[in-house]
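The structure appears right after this line, and notes come after that.
The values are calculated or read from the model by the stated rules, or taken from the named source; none is laboratory data. This one's a predicted model, so the numbers in the text were calculated from it and none came from an experiment. Don't worry about glycine lacking a Cβ; one is built from the backbone with ideal geometry, like all the others, and counts go over all protein chains shown.
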Amino acid sequence: MIRILTADGMEQGAIRTLEDLGYEVVNEHYELPELNEKIKEFDVIVVRSATKIREPLIDEALKSGRLKLIIRGGVGVDNIDVKYAEEKGIAVRNTPNASSASVAELAIGHLFTIARHMHSANVTMRKGEWNKKKYSGIELAGKTLGLIGFGRIAREVALRANALGMKVIYTNRSGHKPENEPNRYVTMEELFKEADFISLHMPKLADKPHLIGKEEIEMMKDGVYLVNTARGGLIDEDALCDALDSGKVSAAAIDVFKEEPTKNERIYTHDRISLTPHIGASTEEAQLRIGEEIVSIIKAFFA
Ligand SMILES: NC(=O)C1=CN([C@@H]2O[C@H](COP(=O)(O)OP(=O)(O)OC[C@H]3O[C@@H](n4cnc5c(N)ncnc54)[C@H](O)[C@@H]3O)[C@@H](O)[C@H]2O)C=CC1
Ligand SMILES: O=C(O)CCC(=O)C(=O)O
């Protein structure tokens with residue numbers, strides 16, 4: 001019998017479908033070193049972002065020779081040593097389309113939140129404070145939103161931002177401009193200079209620790225707003241806190257952290273950062289679609 005480990009949870013309906021199809025599913029999270037042993041017992045491992053599949057774990061799996069397929073229920077595969085797994089004959093798949101709308105909606109939610117101080121007002125009102133004057137904000141309509149990366153998620157963000165009356169500019173690594181795209185492609189430097197709000201929608205960098213540090217922030221408009229729902233560390237966390245403290249950055253919103261759960265006290269206590277605990281894809285709809293894609297991947301793989 002084909003055995004599947006869903007190591008970071010999976011939508012219940014998808015688990016039932018797999019069981020109905022005759023697969024054995026173990027829905028259990030194991031930490032290292034226990035995972036080193038457990039992984040030897042499975043043909044497929046399905047992970048979200050919590051479980052890291054690094055070379056030593058793959059070496060352990062190779063000892064039984066059973067593992068054939070690693071599935072990332074999500075987009076970013078930076079928690080998996082993909083090249084190494086594939087070199088060793090283990091296939092790696094992800095579910096790139098399922099969560100785009102959910103992440104885009106979270107990014108838009110964060111834009112509203114930081115423009116209107118909603119994150120701080122929520123906290124301080126619970127302490128009995130009434131900060132009406134302090135929490136005067138700005139409108140999104142008429143402002144320029146710069147999107148870094150212009151793939152599936154960013155294009156969903158652009159659609160929604162345009163509907164809100166925002167001017168959208170975008171940049172990406174390849175210089176690719178989608179056909180009939182109404183928004184303007186700019187270089188990264190132009191984006192830093194022109195954008196009132198900047199939102200990141202690209203993978204983790206393989207070759208350097210961060211994309212946006214002190215130098216890049218210096219190039220931005222005074223009072224810029226930053227949103228990162230892409231990957232932790234793309235914005236240098238210390239440089240961001242310094243820029244918030246100096247007023248160069250008005251406010252920031254972060255769903256993804258250099259270390260998760262974050263232990264960076266400067267970040268999680270800063271009153272001008274809107275925080276969410278990596279929940280971009282955590283909606284019923286996205287998880288349903290991810291589950292369906294995972295079932296399709298497994299069915300096709302073992303057909
Ligand atoms: N917060 C969350 O829960 C989630 C976060 N994500 C993150 O969002 C990222 C983007 O997802 P999609 O839009 O689906 O990916 P995609 O592959 O459709 O688009 C990625 C875009 O980033 C651009 N890019 C790549 N490297 C770049 C660089 N160095 N500089 C500038 N642009 C660069 C590409 O050209 C492309 O336009 C994922 O890689 C993942 O890290 C994805 C899903 C959920
Ligand atoms: O699985 C998750 O919740 C994280 C989603 C994510 O970051 C991704 O799909 O790249």
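In segment 262-292, how many residues are crowded, with 19+ Cβ neighbours inside 10 Å and within 13 Å of ligand 1 (Cβ to nearest atom)?
Going through segment 262-292 one residue at a time, the tally reaches 7.
Considering only residues of segment 57-80 that are hydrophobic (A, V, I, L, M, F, W, C) and more than 18 Å from residue 31 (Cα to Cα), which is nearest to ligand 1 (Cβ to nearest atom)?
Filtering segment 57-80 for residues hydrophobic (A, V, I, L, M, F, W, C) gives 57-58, 61-62, 67, 69-71, 75, 77, 80.
From what is left, the residues that are more than 18 Å from residue 31 (Cα to Cα) are 62, 69, 75, 77.
On the way: 62: 27, 69: 21, 75: 4, 77: 8 Å.
If we take residues in segment 57-80 being hydrophobic (A, V, I, L, M, F, W, C) and more than 18 Å from residue 31 (Cα to Cα), then 75 is nearest to ligand 1 (Cβ to nearest atom).
Please list, ordered by residue number, the helices (runs of 4 or more DSSP H) wholly in segment 229-303 having 2 or more residues that are within 17 Å of residue 97 (Cα to Cα). Don't jump to the end; show me each part of the working.
On the way: elements: 237-246, 265-268, 284-301.
By residue number, 284-301.
Within segment 129-147, how many residues are surrounded by 14 or more Cβ atoms within 10 Å (Cβ to Cβ) and touching a residue at least 24 places away in the same chain (Cβ under 8 Å)?
From segment 129-147, those surrounded by 14 or more Cβ atoms within 10 Å (Cβ to Cβ) are 135, 137-138, 140, 143-147; that's our starting set.
So of that shortlist, the ones also touching a residue at least 24 places away in the same chain (Cβ under 8 Å) come out as 140, 143-147.
The total comes to 6.
For residues that are within 16 Å of ligand 1 (Cβ to nearest atom) and over 16 Å from the mean Cα position of the chain (by Cα), scanning just segment 195-211, find the one that is surrounded by the most Cβ atoms within 10 Å (Cβ to Cβ). Full working, then the answer.
From segment 195-211, those within 16 Å of ligand 1 (Cβ to nearest atom) are 195, 198-211; that's our starting set.
After this cut, where a residue has to be over 16 Å from the mean Cα position of the chain (by Cα) as well, the list is 195, 207-209.
Details: 195: 26, 207: 4, 208: 8, 209: 11.
Among those that are within 16 Å of ligand 1 (Cβ to nearest atom) and over 16 Å from the mean Cα position of the chain (by Cα), it is 195.
In segment 208-228, how many residues are in a loop (DSSP other than H, G, I, E, B) and closer than 14 Å to residue 114 by Cβ? Full working, then the answer.
Applying the first criterion (in a loop (DSSP other than H, G, I, E, B)) to segment 208-228 yields 208-211, 213, 220-223.
Now drop any that are not closer than 14 Å to residue 114 by Cβ, which leaves 223.
So the count comes out to 1.
Just to be sure I understand the filter: pairs with C-beta atoms under 6 Å, separated by 6 or more residues or on different chains, first member in segment 200-217 and over 14 Å from residue 244 (Cα atoms), second member near ligand 1 (Cβ under 9 Å from one of its atoms) and not aliphatic (A, V, I, L, M). Which pairs pass?
Listed pairs, sorted by first residue: 200/228; 201/149; 202/149; 203/76; 204/78; 204/231.
Starting from segment 250-270, take each residue that is not assigned by TED's automatic domain parsing to the domain that holds residue 240 and list its partners that are in a strand (DSSP E or B), counting only C-beta distances under 7 angstrom and pairs at least six apart or across chains.
Final answer for the pair search is none.
For segment 227-249, name all the residues that are within 20 Å of residue 144 (Cβ to Cβ) and in contact (Cβ under 8 Å) with a residue 40 or more places away in the chain.
227, 229, 230
Restricting attention to segment 155-173, does a residue exist that is within 16 Å of ligand 2 (Cβ to nearest atom) and exposed (fewer than 15 other Cβ atoms within 10 Å of the Cβ)?
No, there is no match, as no residue in segment 155-173 is within 16 Å of ligand 2 (Cβ to nearest atom) and exposed (fewer than 15 other Cβ atoms within 10 Å of the Cβ).
Take segment 138-152 and flag every residue that is of a type outside the set (S, T, N, Q) and away from ligand 1 (no atom under 16 Å from the Cβ).
Within segment 138-152, the first condition is being of a type outside the set (S, T, N, Q), and the residues that meet it are 138-143, 145-152.
Selection gives 138, 139, 140, 141, 142, 143.
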